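Before any comments, here is the structure.
Just so you know, all these numbers are worked out from the coordinates, no wet-lab data involved. Computed from a predicted structure; not experimentally measured. Cβ sites come from the backbone with ideal geometry, for glycine too, and all protein chains shown count toward neighbours.
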């Protein structure tokens, strides 16, 4: 299942890329995230890993930075017990002070039950949560400019 969110943010591309690529910022804008825990590597760099621990629920994700081509693109993989999420964030400069963020998330559910549940029941909730996260990131980024 794929979800794509596009949004224009009133922040220069390089600054926005720095904010988006730094996993230490995640708890500052992901309102459902309790904390970020470094696991290995130089945080934010390709090959580094970290945990995303939610405020509620038990779905902890292990994130791996797959590639980093700042200020243009960032790729991550998130792994949980029942789902894998491949994330691509593309940042396109629209002007010296405005950037378009295109966030693409591809969900791969593990196991037949999770596939059925994801496709039948969770699709709309996942897409709504994705949009909510990106709108929260926009507010965070524009507040700090």
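GNM remark for the chain: springs join alpha carbons under 10 Å apart, and the peak mean-square fluctuation among 99, 64, 31 falls on 31.
I want to verify a result. In a Gaussian network model of the chain, Cα cutoff 10 Å, which of these has the top mean-square fluctuation: 27, 46, 96? Of 27, 46, 96, the Gaussian network model singles out 96 as fluctuating most. For residue 22 and residue 72, the difference between the fully extended length at 0.36 nm per residue and the C-alpha to C-alpha distance is 16.6 nm.
For the options 63, 129, 17, a Gaussian network treatment of the chain with springs between C-alpha atoms closer than 10 Å singles out 129 as fluctuating the most.
Here the spin labels are modelled as points 7 Å beyond Cα on the Cα-Cβ line, and at residue 92 and residue 4 they lie 1.0 nm apart. Less than 12 Å from a label point 7 Å out along the Cα-to-Cβ axis of residue 139: which backbone N atoms in segment 24-56 qualify, by residue? Residues 29-32 fall inside that zone.
Our summary gives segment 2-143 a relative contact order of 28 percent, counting only alpha carbon pairs under 8 angstrom and 6 or more residues apart.
So what is the 222 nm mean residue ellipticity for the chain from helices alone, if each DSSP H run of at least 4 adds -39500 (n - 2.57) and you divide by all residues, rounding to the nearest 500 deg cm²/dmol?
Calculated mean residue ellipticity at 222 nm is -8000 deg cm²/dmol.
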